[in-house]
Number of protein chains: 2
Amino acid sequence: MATVIDGKAVAQTIRSEIADEVRLLSQKYGKVPGLAVVIVGNRKDSQSYVGMKRKACAELGIKSFDIDLPEEASEAEIIKNVHELNANPDVHGILVQLPLPKHVNEENVLTEISLTKDVDGFHPLNIGKLAMKGRDPLFLPCTPKGCLELLSRSGVSIKGKNAVVVGRSNIVGLPASLLLLKADATVTIVHSHTSQPENIIREADIVIAAAGQAKMIKGSWIKPGAAVIDVGTNSVDDPTRKSGYRLVGDVDFEEVSKVAGWITPVPGGVGPMTVTMLLKNTLEGAKRTIEQNN
Amino acid sequence: MATVIDGKAVAQTIRSEIADEVRLLSQKYGKVPGLAVVIVGNRKDSQSYVGMKRKACAELGIKSFDIDLPEEASEAEIIKNVHELNANPDVHGILVQLPLPKHVNEENVLTEISLTKDVDGFHPLNIGKLAMKGRDPLFLPCTPKGCLELLSRSGVSIKGKNAVVVGRSNIVGLPASLLLLKADATVTIVHSHTSQPENIIREADIVIAAAGQAKMIKGSWIKPGAAVIDVGTNSVDDPTRKSGYRLVGDVDFEEVSKVAGWITPVPGGVGPMTVTMLLKNTLEGAKRTIEQNN
């Protein structure tokens, strides 16, 4: 049976490490990291995610800045707010909650975030540096960074291993592949145009699943002993629950946990790591700025 | 026996297409594309490469700008020249010949080249856009672009195929992987830390070899019918030649040509394509600028 990687526990450990560092910063320089979140409109999921971030910030001593703009805010108005946050020395990280309303061009807004405050790590210049040998991005995208932290804190080495990433989104699959490559894995990227992905996945020592397909990865697809990180969060009908649904990953947990060496559950695996890595990026940005200016 | 892809002939075809377009631009707007090359010092290989580029420009009606700086030129001086070329409206492409002398930081110089004139396509912002879904770089790096042109002009489709790139340099392996991924191949990147690369390469419908290891890829490593693009140019001793050496690729041509469906020779495969793609990038940059301003 696979070791189940407890993402909640790992995230908690990292959060207390962050809290310690925040305390040190505050003692030494009288300053704390600041994370700004811009939300436009009233999407319920965005609101609840942002609430979670705000609470986590409070627990770790990170200062929250919340910019709530109405659904009908113009692109120019959103960008004006981003510019103000860029200029605010107490803000070390800026996150614009996606999706933005349809009348706004997301790319136009995101490229206005100062590179030194791009804690999501999605700026193309950051992604380019992540891809290139000998270059280092200022921030690593949160979910892929969380996946690699789960591996390293579980004692899974990456160098020289065969790693397969399932999915190639800009926010998970692609940067996860680039990170694994930088860590000297042999990397294969599998996606919707791949025929017979099972044959490729079966050769992998490390699988990162980020395809958004409920339970697509079966036990027979997995090499015995492999480490399987499941980024998927798909809701499936479940009449036995009050809500009528439950969340499942891209991996068939029941089957795969019998074959793999390590596996992350959904929920409670990668999920708790994403916000934690955002907080860690904010801390890193703050340290860079505060230590530079002192 | 594999079809040998004649890179010289393909390059010649593309060059005459470029010459036609240059003529049209000149007739319509009275303007021609301009390519500037900056060389620092007297390296013989750089000089001969630059000579080749200059000759090719002349043949196609592209205007050459040559900036020759002494070996001891300072970083600031080189950057000043780059800035002048950025500002010169007759220059549509800027190439700084590498390597630069040891006292100069190459990254500092290269990031000064205007993105709209970065015909090498090596700027991290360009690489980031190449990596990301839904983003398009202004220029594709020349050698990988040449590899894909050779495939498409030989009738080899990429979508859904298994592609393996051997090597992960910033100028060939990495961007070639990203280009293949954008073209919907299932991509694996193999490198010096990969154990038993032969097992991975054997599954490939398309192989791009850019490892810099003479004849490392053997006939038994290749899936029958695969397309094999050899970017390697390694010099090996050859006492039967006056020069005492000859150039060989990363692929064992004799063996692999018996198994593969397509193969590029060395020399005469990818080599002639690289300069041709540089000229094509210059034309594309010129068209963008000239058509925008008219």
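Any read-out appearing in this document is the output of simple, stated calculations on the displayed coordinates, not a laboratory observation. Just so it is clear, the structure is predicted and the values come from calculations on it, not from any experiment. Glycine also receives a Cβ, built like all others from the backbone with ideal geometry; neighbour counts cover every protein chain displayed.
Overview of results
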| quantity | calculated |
| --- | --- |
| The range A:1-103, relative contact order in percent, only Cα pairs under 8 angstrom and at least six apart counted | 35 percent |
| Kirkwood Rh (inverse of mean 1/r, distinct Cα pairs), chain B, angstrom | 20.0 Å |
| Given charges at beta-carbon only (K, R positive; D, E negative), |dipole| of the protein assembly as shown in Debye | 600 debye |
| Selection from B:98, B:62, B:22, by position along the positive dipole direction of chain B (Cβ) | B:22 |
| Cα Rg over Rh - the range A:29-113, Kirkwood | 0.97 |
| Tensor-based shape of the range B:232-294 (alpha-carbon gyration tensor, a/c under 1.5 rounded, otherwise prolate or oblate) | oblate |
| Value at 222 nm in deg cm²/dmol, rounded to 500, when DSSP H runs of n ≥ 4 in chain A each add -39,500 (n - 2.57) | -12500 deg cm²/dmol |
| Per DSSP, loop GluC sites (Glu not before Pro) in the range A:41-94 with at most 14 further Cβ within 10 Å | A:71, A:72 |
| Amide N proximity, the range A:147-172 versus residue B:203 label position 7 Å along Cα-to-Cβ, cut-off under 12 Å | A:162-165 |
| Approximate spin-label separation residue B:116-residue B:98, in nm, with each point projected 7 Å along Cα-to-Cβ | 2.5 nm |
| Charge dipole (chain B, unit charges on Cβ, about Cα centre) - positive-most of B:269, B:226, B:7 | B:226 |
| Check: chain B dipole with +1 on Lys, Arg Cβ and -1 on Asp, Glu Cβ, in debye | 660 debye |
| DSSP-loop trypsin sites (Lys or Arg not before Pro) across the range B:26-132, with at most 11 other Cβ within 10 angstrom | B:102 |
| Separation between Cα centres of the range A:33-55 and the range A:155-206, rounded to whole Å | 31 Å |
| Descending principal axes extents, the range A:142-271, alpha-carbon based, whole Å | 46, 29, 29 |
| Exam field: residue B:224 pseudo-label spacings to other copies (7 Å along Cα-Cβ), nanometres | 3.3 |
| Normalised contact order of the range A:89-195, rounded percent, pairs of Cα under 8 Å and 6 or more residues apart | 21 percent |
| Inter-centroid distance (Cα atoms) of the range A:224-278 relative to the range A:81-101, Å | 31 Å |
| Kirkwood Rh in Å, taken over all unlike Cα pairs in the range A:53-202 | 17.5 Å |
| Anisotropy class of the protein assembly as shown from Cα gyration tensor, a/c 1.5 cut | oblate |
| Shielding by other protein chains, B:181-193, mean Cβ within 10 Å | 6 |
| Shielding by partners - mean other protein chain Cβ count within 10 Å, residues of A:132-143 | 2 |
| Sum of side-chain charges, residue A:184 neighbourhood, beta-carbon under 13 Å (Lys, Arg +1; Asp, Glu -1) | +4 |
| Relative contact order of chain A, pairs being alpha-carbon contacts under 8 Å that are 6 or more residues apart, as % | 22 percent |
| Coil-residue GluC sites (Glu not before Pro) of the range B:146-212, DSSP, other Cβ within 10 Å capped at 16 | B:203 |
| Residue mean of other protein chain beta carbons inside 10 Å, B:199-206 | 1 |
| Only Lys, Arg (+1) and Asp, Glu (-1) charged, at Cβ; the range B:197-294 dipole about Cα centre in debye | 240 debye |
| Fluctuation leader among B:140, B:98, B:278 - chain B, Gaussian network, Cα springs under 10 angstrom | B:98 |
| Of A:280/B:102; A:161/B:223; A:159/B:129; A:159/A:280; B:159/B:258, pairs whose Cα-Cα distance is over 30 Å | A:280/B:102 |
| Local net charge near residue A:160, Cβ-Cβ under 13 Å (Lys/Arg +1, Asp/Glu -1) | 0 |
| For the protein assembly as shown, with +1 on Lys and Arg beta carbons and -1 on Asp and Glu, the positive-most of B:132, A:197, B:174 along the dipole | A:197 |
